[in-house]
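The values are calculated or read from the model by the stated rules, or taken from the named source; none is laboratory data. Note that the structure is a prediction, hence the values are computed from the model and not measured. A quick note on method: Cβ atoms are made from the backbone with ideal geometry, for glycine too, and the neighbour counts reach across all protein chains shown.
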């Protein structure tokens, strides 16, 4: 049976690397929050316009301007 030796300081080094990566990612998100938010809004608007239900828009328009019935 083969036993592997893991240096006791490996956990500390791994923690330092992960903490640094988390700090960099957090800083990036905080600095560019407005651009990220506007990009998501633009993407949602594109999806809504491309694949959205047109019937919902027509229903909302009919509430404002009802069609005249031709009875």
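Pairs only if they're at least six apart or on different chains, beta carbon under 8 angstrom, first in the range 1-20 and without any contact (Cβ under 8 Å) to a residue 60 or more places away in the chain and on the phi < 0 side of the Ramachandran plot, second surrounded by fewer than 10 Cβ atoms within 10 Å (Cβ to Cβ) and assigned to a helix (DSSP H, G or I); list them, first residue then second.
Sorted first by the residue in the range 1-20, then by its partner, the list stays empty.
Kindly indicate which of 28, 15, 22, 32 is at pLDDT 95 or above and surrounded by 10 or more Cβ atoms within 10 Å (Cβ to Cβ). Before the answer, list the steps.
Working: 28 fails: at pLDDT 95 or above; 15 fails: at pLDDT 95 or above; 32 fails: at pLDDT 95 or above.
Of the residues listed, the single one that is at pLDDT 95 or above and surrounded by 10 or more Cβ atoms within 10 Å (Cβ to Cβ) is 22.
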